[in-house]
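The values are calculated or read from the model by the stated rules, or taken from the named source; none is laboratory data. The shown structure was predicted, so the numbers you read here are calculated from the model rather than taken from an experiment. For neighbour counting, all protein chains shown are included, and Cβ atoms are generated from backbone atoms with ideal geometry for every residue, glycine included. Please note that ligands, DNA and RNA were not included when accessible areas were found on the heavy atoms of the full protein model with its side chains. Shrake-Rupley method; radii C 1.70, N 1.55, O 1.52, S 1.80 Å.
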Amino acid sequence: MDKTRYEELKKMLEERKREILSEVQEKIRDVRTESNSGKKNEVLDSGESSEADIQEDIEFALIQMKAETLNRINEALAQLEEGAYGNCFECGEEIAERRLRALPFAVRCKTCEEAREMAAKRERLLAQRQQSTAMFFDI
Ligand SMILES: [Zn+2]
């Protein structure tokens with residue numbers, strides 16, 4: 001991997017990491033303020049409080065999702081250090097930087113991904129056909 005590409009990809013991953021970190025911190029702050037202000041307010045009726053619970057669950061799920069993304073970015077950064085990040089899993093070619101910016105965890109280049117999708121589609125069609133044939137013989 002040439003140095004420019006390495007620097008660009010590293011910058012891209014680190015920017016994303018910072019973004020997600022600040023989003024997570026913001027969310028955690030939001031959840032905390034909400035539950036604190038909830039206690040100070042008059043007692044909510046049961047309908048309102050379960051709605052708040054659901055909202056809180058959603059917030060926590062979001063935080064969890066972001067934490068997972070953060071883990072994947074850290075893994076990608078470690079792979080980048082080993083020179084193993086940004087290469088296509090199928091053909092070994094470098095994945096275009098533009099594609100990695102849009103999909104930082106892409107493991108295939110565009111060509112291989114499209115070929116895979118085509119193959120998956122064909123397989124689905126074939127499976128459908130086999131299924132209908134089997135049904136035909138059952139009768
Ligand atoms: Zn490829």
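Rounded to 0.05, the FRET efficiency of the residue 117 and residue 65 pair, given R0 = 35 Å and the Cβ-Cβ distance, is 0.90. Rounded to the nearest 0.05, what FRET efficiency do residue 4 and residue 81 give with R0 = 25 Å and r taken as the Cβ-Cβ distance? Could you check? The formula returns an efficiency of 0.95 here.
Overall shape: oblate for the chain, with the ratio a/c of the largest to smallest alpha carbon gyration tensor axis at 1.5 or above and b/c at least equal to a/b.
Near the amide H of residue 94, within less than 5 Å, lie the amide hydrogens of 88, all on another chain or at least 5 residues away, with H placed in the peptide plane. Accessible surface computed residue by residue for the chain, with neighbouring protein chains in place and a 1.4 Å probe, gives 78 Å² per residue. Seen against the Cα atoms of the chain and their longest principal axis, helix 3-40 is set at about 30 degrees.
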